[in-house]
Amino acid sequence: MSYRIGIDVGGTNTDAVLLDHRLHVIAKAKQPTTEDVMTGIWKVLIAILEESAISPGEIGYAMLGTTHCTNAIVERKQLNKVGIIRLCKPAATAVPPLAAWPDDLKAAVGEHHYLVAGGYEYDGTLISELDENEIRSALEAMKGNVKSIAVTGIFSPARAEQELKVARLAHDVMPGVPISLSHQIGSIGLLERENATILNAALQTTIRTVVSGFREALSKLGIPAQIFIGQNDGTLMEADYAIRYPILTIGCGPTNSIRGASFLSGLKDALVLDIGGTTSDIGVLSNGFPRQSAIAVDVGGIRTNFRMPDILSVGLGGGTIIRIDEQGAITVGPDSVGYRLLQEARSFGGDTLTATDVVLAVTDTTIVGADTSDLDSDACQQAYNRMIEKLEVAIDQMKTSKEPVPVILTGGGSILVNSRLAGASEVIKPDHHDVANAIGAALGTISGEAENIYALEGRTYEDAVEAAKQQAIGNAVEAGAVPATVEIVSVEDVPLAYMPGNSVFIKVKAVGELDAK
């Protein structure tokens with residue numbers, strides 16, 4: 001029997017589960033997230049092995065949902081200096097790269113950016129040819145000063161030849177330096193796609209360190225598992241793929257919770273309310289997968305346009321600090337004691353009133369060792385009402401109609417809700433809801449993609465889409481997905497009027513369950 005471990009690194013706790021081949025929970029564990037993150041992962045791995053008493057050699061798969069890359073952007077730490085090349089002259093030089101970036105993040109990735117000749121019109125028509133000497137000159141100038149390269153061309157998702165040629169030149173001049181190409185990362189919009197590509201390049205050493213550390217931890221514990229990393233859309237990617245596209249790990253935490261909530265509840269359409277120690281994240285479960293954002297997404301203050309889950313974060317979690325002033329006015333957060341809850345919360349002998357204290361004081365929820373006898377029950381009731389109102393407003397913001405919808409509770413902070421919520425047809429708290437994020441990581445959906453240019457002479461558009469779908473399904477199966485579980489989750493197309501035969505670029509993504517028997 002081959003077991004699988006799922007790990008989710010959150011802002012407060014690092015959660016882990018061990019599942020058998022039928023996806024039954026064999027063991028689960030929580031450890032505080034540590035500043036270096038890897039120590040928390042190491043501790044939770046040991047805890048899960050001790051609880052399960054399973055031989056490490058029987059664990060065949062290890063899935064990690066990590067906040068390393070998110071933290072690196074937010075904290076401006078461990079980011080590569082990036083050499084930035086935009087293929088745009090003479091069409092798009094008015095706004096330079098990094099123009100709207102915060103100064104500290106701009107300083108972290110460096111200012112080696114070069115605008116060179118190149119780019120296409122929206123239909124693939126050439127704007128200008130590449131100037132190889134100009135590009136080589138830019139590469140020589142950044143040589144030794146950057147750790148990775150980001151290349152962005154105007155409308156490169158419609159036609160990628162120029163970006164690919166620059167990559168070949170970069171390999172010649174700076175062999176071994178990782179290169180991020182925008183047509184492989186973002187959508188049409190130039191500046192947002194360039195931002196996402198630069199961030200991807202800046203994160204490549206960070207994710208490489210994470211994968212290396214995870215492999216080392218598993219090896220030391222005698223776990224011969226194949227490693228997968230969680231990505232934004234709720235599926236997994238192999239470790240080598242994650243090293244090429246670390247930007248895809250941003251936002252995998254909420255998607256893990258949403259996927260886990262769907263599995264635990266059996267629902268495919270609902271709202272998922274994931275309450276942690278610091279925030280509550282609300283996502284939409286649509287046909288079993290997280291709903292994707294339809295608009296550009298800010299990452300660390302940077303506007304990007306790659307696929308991200310549609311998540312609303314509210315500053316309310318189990319450790320949220322509640323303040324009551326001398327006039328009786330109550331404020332709820334947004335700051336939190338986080339993983340210091342047991343040291344600082346009033347119920348546990350501390351001097352900070354938290355959301356957990358309030359819940360323990362006014363509901364029948366109990367925690368061993370907690371004492372609420374010195375809390376003002378009237379004030380706590382008002383604070384509790386304020387907290388629930390905050391969640392109900394957020395739920396309303398995420399709904400697409402006025403009709404009540406099911407709400408699935410997940411996360412260690414879900415004790416905050418023990419009754420009905422306005423706008424919810426029912427509130428579901430499934431078994432193992434406290435580690436739904438780790439379960440979501442361990443479920444192991446595998447994706448397969450297909451992207452090709454199809455000439456529509458002699459075939460219909462529908463036939464071309466179907467061909468792309470079959471290729472994507474085949475790729476997912478080849479990557480390890482169970483054929484019967486594979487389904488199409490996205491279809492994108494770009495008409496290519498510049499090419500003969502009324503051509504169209506079609507990109508399809510399929511996902512299926514990992515074949516882990």
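I'd like to check which strands (runs of 3 or more DSSP E) are fully inside the range 1-49 and have at least 2 residues that are open to solvent by 20 Å² or more (accessible area, probe 1.4 Å), in contact with a Phe, Trp or Tyr (Cβ under 6 Å, 6 or more places away or on another chain) and at pLDDT 85 or above.
So the answer is none; nothing clears 2.
Would it be correct to say that Arg86 is open to solvent by 50 Å² or more (accessible area, probe 1.4 Å), charged (D, E, K, R) and in contact with a Leu (Cβ under 6 Å, 6 or more places away or on another chain)?
no
Does the range 290-305 include one or more residues that are modelled with pLDDT of 80 or more, of a type in the set (S, T, N, Q), out of contact with any Phe, Trp or Tyr (no Cβ under 9 Å at 6 or more places or on another chain) and not in a loop (DSSP other than H, G, I, E, B)?
no
Can you pull out every residue in the range 381-417 that is assigned to a helix (DSSP H, G or I), touching a residue at least 40 places away in the same chain (Cβ under 8 Å) and open to solvent by less than 70 Å² (accessible area, probe 1.4 Å)?
The answer is Ala383, Met387, Lys390, Leu391, Ala394, Ile395, Met398, Ser414, Ile415, Leu416.
If you check Arg168 against the conditions, is it among the charged types (D, E, K, R) and open to solvent by 20 Å² or more (accessible area, probe 1.4 Å)?
The answer is yes for Arg168.
Residues checked against (1) part of a helix (DSSP H, G or I); (2) open to solvent by 10 Å² or more (accessible area, probe 1.4 Å); (3) over 27 Å from Glu451 (Cα atoms):
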{"site": "Asn195", "(1), (2), (3)": "yes, yes, no"}
{"site": "Ala201", "(1), (2), (3)": "yes, no, no"}
{"site": "Leu218", "(1), (2), (3)": "yes, no, yes"}
{"site": "Gly222", "(1), (2), (3)": "no, yes, yes"}
{"site": "Ile229", "(1), (2), (3)": "no, no, no"}
{"site": "Asn232", "(1), (2), (3)": "no, no, no"}
{"site": "Pro254", "(1), (2), (3)": "yes, yes, yes"}
{"site": "Ser257", "(1), (2), (3)": "yes, no, yes"}
{"site": "Leu267", "(1), (2), (3)": "no, yes, yes"}
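Taking the range 353-380 as the region of interest, how many residues are open to solvent by less than 80 Å² (accessible area, probe 1.4 Å) and farther than 16 Å from Gly317 by Cβ?
Residues meeting the conditions: 10.
With of a type in the set (Asp, Glu), within 29 Å of Ser425 (Cα to Cα), at pLDDT 80 or above and out of contact with any Asp or Glu (no Cβ under 7 Å at 6 or more places or on another chain) as the only criterion, which of Asp274, Asp325, Asp310, Asp281 stands out?
Only one candidate passes the filter, namely Asp310.
Please name all residue pairs, on different chains or six or more residues apart, with Cβ atoms under 7 Å, provided the first residue is in the range 485-496 and is polar (S, T, N, Q) and the second residue is open to solvent by 30 Å² or more (accessible area, probe 1.4 Å) and assigned to a strand (DSSP E or B).
Between residues of the range 485-496 that are polar (S, T, N, Q) and residues that are open to solvent by 30 Å² or more (accessible area, probe 1.4 Å) and assigned to a strand (DSSP E or B), the close pairs are Thr485/Glu513.
Give me the pairs, please: first residue somewhere in the range 461-481 and within 14 Å of Phe505 (Cα to Cα), second residue anywhere and at pLDDT 90 or above and in a helix (DSSP H, G or I), beta-carbon distance under 9 Å, and either six or more positions apart or on two chains.
none
With respect to the numbered conditions (1) open to solvent by less than 20 Å² (accessible area, probe 1.4 Å); (2) more than 28 Å from Glu238 (Cα to Cα), which one is the sole condition not fulfilled by Thr125?
(1)
The values are calculated or read from the model by the stated rules, or taken from the named source; none is laboratory data. If you're wondering where the values come from, they're calculated on a predicted model, not measured in any experiment. Positions of Cβ are generated from backbone atoms using ideal geometry, with glycine treated the same way; all protein chains shown enter the neighbour counts. With ligands, DNA and RNA removed, areas are computed over all heavy atoms of the protein, side chains included. Shrake-Rupley method; radii C 1.70, N 1.55, O 1.52, S 1.80 Å.
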